[in-house]
Amino acid sequence: MPPAITYDSRKHVGVHAERVSHVSSTNFPGHHPHEDHSWDLERFKKGLTVKIERLSNRSIEFDLVGVDASIANAYRRILIAEVPTICVERVYVWDNTSVVVDEVFAQRIGLVPLNVDPALMDMKQTQNDQATDRNTLVFRLQVACERRKNAPKDTTDPSKLYINHEVLSSHLKWVPQGEQEIVMAENPPAPTNLNIVLTKLRPGQEVDMELHAVKGVGKDHAKFCPVATASYRLLPLVILNPEKPVPRELAEKFQECFSPGVIRVDPRTKAVSVDSKKTRKETMSREVYRHPEFEGCVQLARVRDHFLFNIESEGFYPPQRLLPEAIAVMRAKIATIKRAAETLLNNGDSLGDVEMADV
Amino acid sequence: MATIVEEENDWEHANHTNWRGLGLADPIKKVEDKWLLLPAFLKIKGLVKQHIDSFNYFVDVDIKNIVRANNKVTSDVDPRFWLKYTDIHVGFPDRTDLDAIDKSITPHECRLRDITYSAPILVTIQYTRGKNVVRRPNVNIGRLPIMLRSNKCVLTGRNEAQLARMTECPLDPGGYFVVKGTEKVILVQEQLSKNRIIVETDTVKGIVQASCTSSTHGGLKSKTYVATKKGKIYLRHNCIHEDVPIVIALKALGIQSDKEILLLTAGNTEAYKIAFSANLEEAAKLGVFTRHQALEWIGSRVKVNRKVVGPRRPAWEEALEALATIILAHVPVICLDFRSKAIFVATMTRRVLMAMDDEKMDDDRDYVGNKRLELAGQLLALLFEDLFKTFNANLKSAIDKVLKKPSRTNEFDAFNTMQFQGDHITAGFVRAISTGNWSLKRFKMERAGVTHVLSRLSFISALGMMTRISSQFEKTRKVSGPRALQPSQWGMLCPSDTPEGEACGLVKNLALMTHITTDVEEGPIIRLALMLGVEATGTEIYGPHTFVVNVNGTIIGLTRYPMRFVTNFRRLRRAGRFSEFVGIYVNHHHHAVHIASDGGRICRPMIIVENGRPRVTGEHIAQLKQGAASFDDFLRNGLVEYLDVNEENDSYIALYESDIVATTTHLEIEPFTILGAVAGLIPYPHHNQSPRNTYQCAMGKQAIGAIGYNQLNRIDTLLYLSVYPQQPMVKTKTIELIGYDRLPAGQNATVAVMSYSGYDIEDALIQNKASLDRGYGRCQVLRKNATLIRKYPNGTFDRLADAPLDENGQTQKKYDIVQLDGLAGVGERVDPGDVYVNKQTPTNANDNTFSGQAAAVPYKNAPMSYKSPVAGYIDKVMVSDTENDQTLIKVLIRQTRRPELGDKFSSRHGQKGVCGLIVNQEDMPFNDQGINPDTIMNPHGFPSRMTVGKMIELLAGKAGVLSGKLQYGTAFGGSKVEDMSRILIEHGFNYAGKDMLTSGITGEALEAYVYFGPIYYQKLKHMVMDKMHARARGPRATLTRQPTEGRSREGGLRLGEMERDCLIGYGATQLLLERLMISSDKFEVNACQECGLMGYNGWCTYCKSSKKMAKLTIPYAAKLLFQELMAMNVVPRLILDDA
């Protein structure tokens, strides 16, 4: 039997045939008469769970249970827009005779994720800040295409005919500046993916550029976004109506209305039940609502405070580090607001203004 | 169970009765994939076959005919001299530069160097030199611009690799000319058919008239009418002052007997006889009984315009000549045998009589079968004939001039004279094509705007231009008839592709599988018809069972068995005994069989059905698939045939195989060929409201995308390119056939159909900022800037100079990209105001006196500087020579633009919208997979537009994305919605395509499901950057001192009459005064209170006093008005009063 909490209908977002109901939480004081919903740390602590469901090199899935949508969403937003990364920002073109023109080439290079720990670098305060070894990484891209001697005559495969027929992200060569050689010795800066095609070349074409990478955030440009996607969905629920069981002869059809594994059918009795461990696999296609014969048999819902997060890392951070980074950013923001609030509170004091980071 | 078995046995029994190896219960085998005939057709003919075929016909056939008709040049001075053209042919394009070693030239070089892609016209001449006859082959008389991909073009028959070496796009359709570097198209012109009788009735005036425009090969055109006037019938023609009573006309044409006249016109029909009798009476009343009397009657009314002063000919001779050569000139009169012309006039009369009796017997001018399309070949043929005649006239006078000289030192050789004839023919062609003015005095032709610059905005716009048909009809007249969609356009002209507004319905486009015929010689056709049993015409041609047989509108005989005749005729055509483009049909109303072999008829291929079975079978298609058979084989084997509009209307055509019945004659190859190339891009067009498809046809031409494989080598005035074009998720067969999947113009955007933020009202779109960062909608704008480095007649020349230094020895900022050769470096960034070509011109360039020392002349700067408000980059610099040895410099400047607020986008369903807001990714809604939309579209765009096709496109696109396949949205077919829904369900999505989204702002689920999936979006060329404009202060017009007008002149924004009315109504007088005078053209004048005239410096020149002068402020335009009035002898006086 699933934990009772999932059957707390107050926490359900109703998923109906043509609409979604009860999307907002109601556990705040004053909504339910004669109930105390004031915020309580202990209760919050008890309800809060974070559980990793799957972790791979590039992505993580975890459950975040017991928080409000605003908190879960804040992490998602911060992951997309405010966790800093390092990307190429300025491209100095000495020579580019490839088919891709300078501006587009620069844009493509900018989108290449780099494996640099943002903690090692400072953010430029303004656009025109002097480039230093603390805030700028320098790469060199120098590729020329040539005909491969003794290439087989009958082939049309460019990789056999030419040397460097493609400019790849692996061609980006780090040029250490100042103290960088020591600081970044462990993990020399390079693209995380070495097989990104930046342009194709043919004999006689050449690319020679100097690239300056800086620290930035995703809201400034999508290239600084550390994640390919960071999103969540709510835990799906399939609630069978005990009053109206699924007709036996339709059990298989009923099963097929859901994602594989969600519905179990007893091979003997053809009785239908929900595999509560696998409900998370349900894609909420609402297919069951399409068949009139199942009307009233089942109710779909989602749990409002049970977030199934999915984060795909693209860049320096291993996926498990992304949420802590987001929390760190959030804490820094809270700290700023706290300071500002405190300043406001004892406003006689000459602490001066608190500089707010742009929100 | 037993009964069922029995029944099965019964069936089995029935199955044994075989017919052509098939049992009764066997399903009729369907011809699978018969649409493959379409690519086979296009492979043979190409997309613009009509232009190319027409040009080929001109170059291979018509030009020889023209020369044959004008092949002799004689001299008035020396009767023994003659020069004869025995042959003519057009060579291949070559380089005209004299010192060139490699004479081969490519069209692309012509585009870049601003020269003409042309080939020499070579003739073989025979002429007398002294007492000998000399023959000279390959004499060049001029150059003909060559149509790309025609017979004479170097691109024809080349494969992709060869084309790539010539920097030419394999998908480019050709069919246009390159003249002085610009690509010019001769649009197809629609006209009423020539040499055919058209009967019209005017019910209001009660007039019935039959008209016939005669056109002979000489190009002479005249229109003859047979019309009613007060119940009687007259023949009317421009060359006769007065309407000729029809009986007089017929008598003049040699039919003297009233009985015969009656038989030839009214036949045996009593009603017609009664209606006609009045005409016989009239002739008698006028005292015309014999042919001579009739000729005299007409002759005294013929307009004589004779230049040659000779003895006055008697009136009957004038009449005879007019009747023989001017009236109905297309009907041949051989040795003054007027019989066929008389019958033609009689037929016209009969048609009038028929229409008088029954209004329904008139013709429909708008019927496509009554139209002929005039193509490049015909226009060029006319032009060539004119130029060739002038050339010969010039040659003759030049020869005469030489021969006139009494004593010549050496023997006269006409060849030398010919060499000095100049480039009259070449220049004539180039001028006509580059200006579009076809003014041929000789043929009374005065047409402007025949050619257009090929629009290279996108691949589709170029293609769309090649299939365009323009009508001769005036745009301003408000009649609906010619603009309306004609049922006979079915399959011939695209029902969707027409512009909106004034040219609506007048400019049309060809459907995908059409062909326009070229002339086929009619002599053999007539002979064939006679062999098939057509009898000669007697007196009685309107018997109850006789059918008149016409070839190209002229009667050649009669037949009593029209159906048998037509069937036999068709059988011979299917056997390939004569051209497949000869049409034949029976007109039961007129009891006539019409054979048409003239050029300009639209026709299209169709599968022949015999005995209820299509002749094309699965095996044939299999052969086609293997490449063992081509479309021509199908034609040759009589499996398919071309039907023109008239013949189509005489056939019974099944749309699908299942519709075939016993009387079916043909089967459509594929229903979607009813649409043209441009409308073929629309997925599921049969689900859209029809105007939406029309809108998309207009917008598809403005979409930014790829324009050709050679786009990066082109230097066009303005070139829009997409950075990341994608082929659409939902394709159509047309898209694959025309190559839109290889040269696309758009991107598959993930669209959420929902409202968001309120910045999406009125069709505005919301864009995802991250998508834009990653390259969605990014485009490049390349602009050409060209200049000539001239040499002047006085020996001076322009020059390029390096950047000048300022007093500190530094180069100025605006010259910093100019290199030592005076040109900006490729790849340099050009800021507004920067100089990129530092040209200098001599100060005395226009001074024509030769000064000798060119180096010593003073020079002034004439630099080219960058005007756009946004920086660009030098993309290319080209230095070359033009045909007349001027140095040509072209600089291509590129801007890369990402979409911004106000840029215009459109889906493929006529749903355009501007970008209303750019939203950060984190604020965008997302679905369970974490997918953000690229674009949010407001659902209010759907109910009133009814573009259901767009919804299905989304569904099919989503299914395609999930299954990893491209889906088809071909018209009248395509992927079915049910299948798409099934794919969605299989992948765990809602069958309707609606996803549950979470708001990116609140983090809560949205309360409605959102229609979510990919739709192909086009970025249109209208971008805010090119349009935004504001001014505080700026330039003023010199004459009125008011602010200039228009963005290009940095003009002011007009406060117009209506705005002025608002201010007046509101009472904001001071604002009014400020806007209309103070901020505009405020001017202080001195006016005299005494005389009311304007003076200056406090002095009235009229009163010669300064006593009563007053200063006042008026608009300068008012002052100007006063002065202009005074110049016209009107005295405006200012009466001043203190307010």
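The values are calculated or read from the model by the stated rules, or taken from the named source; none is laboratory data. Here the structure is a predicted model, which is why all the values come from computation and not from measurement. Cβ: placed from backbone, ideal geometry, glycine included. Neighbour counts: every protein chain shown. Remember, those area values only see protein heavy atoms, side chains included, never the ligands or the DNA or RNA. Shrake-Rupley method; radii C 1.70, N 1.55, O 1.52, S 1.80 Å.
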- Item | Mean Cα-pair separation over length for chain A, i.e. relative contact order, pairs under 8 Å, 6 or more apart, % | 25
- Note on the structure: Candidates A:228, A:81, A:271; GNM for chain A (alpha-carbon contacts under 10 Å) flags as most fluctuating A:271
- Message: At 1.4 Å probe size, with the rest of the protein present, what percent of the exposed accessible area of the stretch A:210-359 is carbon and sulfur atoms?
- Response: 53
- Message: In the protein assembly as shown, if the dipole is taken from +1 on Lys/Arg beta carbons and -1 on Asp/Glu beta carbons about the Cα centre, which of B:356, A:235, A:257 is farthest to the positive end?
- Response: B:356
- Task: Give, rounded to the nearest 20 debye, the magnitude of the charge dipole that the stretch B:403-511 has about its Cα centre when Lys and Arg contribute +1 at Cβ and Asp and Glu contribute -1 at Cβ.
- Result: 400
- Message: Once you order the gyration tensor axes a ≥ b ≥ c over the Cα atoms, which shape class does chain B get: rounded for a/c under 1.5, otherwise prolate or oblate by comparing a/b with b/c?
- Response: oblate
- Query: Distance from the Cα centre of the stretch B:351-365 to that of the stretch B:595-663, in angstrom?
  - Reply: 33
- Query: Where the only charges are on Cβ atoms (+1 Lys, Arg; -1 Asp, Glu), what is the dipole of the protein assembly as shown about its Cα centre, to the nearest 20 debye?
  - Reply: 4900
- Query: How many percent of the accessible area of the stretch B:896-968 is carbon or sulfur, using a 1.4 Å probe?
  - Reply: 61
- Longest principal axis of chain A (C-alpha) makes with the long axis of helix A:69-81 (C-alpha) an angle, in degrees to the nearest 10, of 10
- Within a 10 angstrom radius of each residue's Cβ in B:1000-1011, how many Cβ atoms of other chains show up on average? Whole number is fine. 6
- Accessible area in the full protein assembly, largest first, 1.4 Å probe, for A:147, B:601: A:147, B:601
- Sorted by accessible surface (1.4 Å probe, heavy atoms of the protein chains only), largest first, B:496, A:276 come out as A:276, B:496
- Item | Heavy-atom accessible surface that A and B bury in contact, both chains counted, 1.4 Å, Å² to 100 | 3600
- Item | Spatial separation of Cα centroids for the stretch B:694-749 and the stretch A:71-85, in angstrom | 38
- Using just the helices of chain B, give the 222 nm mean residue ellipticity in deg cm²/dmol: DSSP H runs with n ≥ 4 each add -39,500 (n - 2.57), and the total is spread over all residues, rounded to 500. -7500 deg cm²/dmol
- Task: Indicate the gyration tensor shape class of the stretch B:739-788 (rounded, prolate or oblate), computed on the Cα atoms with a ≥ b ≥ c the square roots of the eigenvalues: a/c under 1.5 is rounded; otherwise a/b larger than b/c is prolate and the rest oblate.
- Result: prolate
- Note on the structure: Note to self, chain A gives a 222 nm [θ] from helices alone (DSSP H runs n ≥ 4, -39500 (n - 2.57) apiece, / all residues, nearest 500) of -5500 deg cm²/dmol
- Karplus-derived 3J(HN,Hα), 6.51/-1.76/1.60, for each residue of the stretch B:51-65, Hz, glycine and proline x: 5, 5, 4, 5, 5, 4, 4, 4, 5, 8, 10, 5, 4, 5, 4
- Cross-link pairs beyond the 24 Å C-alpha cut-off, checked among B:223/B:341; A:124/A:173; B:769/B:814; A:200/B:912; A:223/B:912: B:769/B:814; A:200/B:912; A:223/B:912
- Pull up the cross-link candidates among the aspartates and glutamates for residue B:839, meaning alpha carbon to alpha carbon under 12 Å and not fewer than 8 places away within one chain. B:798, B:802, B:821
- Message: How shielded is A:68-80 by partner chains, expressed as the average number of their Cβ atoms within 10 Å of its Cβ atoms?
- Response: 4
- Query: Just in the stretch A:21-92: which chymotrypsin sites (Phe, Trp or Tyr not before Pro) are loop by DSSP and have at most 16 other Cβ atoms within 10 Å?
  - Reply: A:39
- Message: Just want the answer: with Cβ charges of +1 for Lys and Arg and -1 for Asp and Glu, which residue in B:998, B:46, A:185 is farthest toward the dipole's positive end in the protein assembly as shown?
- Response: B:46
- Query: Which of the lysines could a cross-linker bridge to residue B:508, judged by Cα under 18 Å and excluding same-chain residues fewer than eight apart?
  - Reply: B:49, B:371, B:475, B:478, B:701
- Item | Efficiency of FRET from Cβ geometry, residue B:78 and residue B:424, R₀ 30 Å, rounded to 0.05 | 0.80
- Normalising by the residue count of chain B, find the relative contact order in percent from Cα pairs under 8 Å and 6+ residues apart. 9
- Task: Provide A:19, B:574 ordered by accessible surface of protein heavy atoms (probe 1.4 Å), highest first.
- Result: A:19, B:574
- Using the charge dipole of the protein assembly as shown (Lys, Arg: +1 at Cβ; Asp, Glu: -1 at Cβ; taken about the Cα centre), state which of B:1099, A:315, B:728 has its Cα farthest towards the positive end. B:1099
- Pairwise FRET efficiency - residue B:156 versus residue B:625, Cβ, R0 = 22 Å, nearest 0.05: 0.25
- Message: Give me the net charge for the shell around residue B:90: Cβ to Cβ below 13 angstrom, other residues only, Lys and Arg +1, Asp and Glu -1.
- Response: -1
- Summing +1 per Lys or Arg and -1 per Asp or Glu among the other residues with Cβ less than 11 Å from residue A:226's Cβ gives -2
- Message: So if I take the centroid of the Cα atoms in the stretch B:916-945 and the same for the stretch B:980-1055, what is the distance between those two points in Å?
- Response: 12
- Query: Quick one: which of A:102-113, B:765-776, B:676-687 comes out on top by average Cβ neighbours within 10 Å, and what's the full order, highest first?
  - Reply: B:676-687, B:765-776, A:102-113
- Note on the structure: Taking a straight Cα-to-Cα line shorter than 22 Å from residue B:1104, and setting aside same-chain lysines fewer than 8 residues away, one finds B:1119
- Which percent of the Cα-Cα distances in the protein assembly as shown go past 54 Å? 48
- Note on the structure: Shielding of A:212-222 by other chains, given as the mean Cβ count within 10 Å, works out to 3
- Item | Over the stretch A:230-359, relative contact order from alpha-carbon pairs under 8 Å, at least 6 apart, % | 29
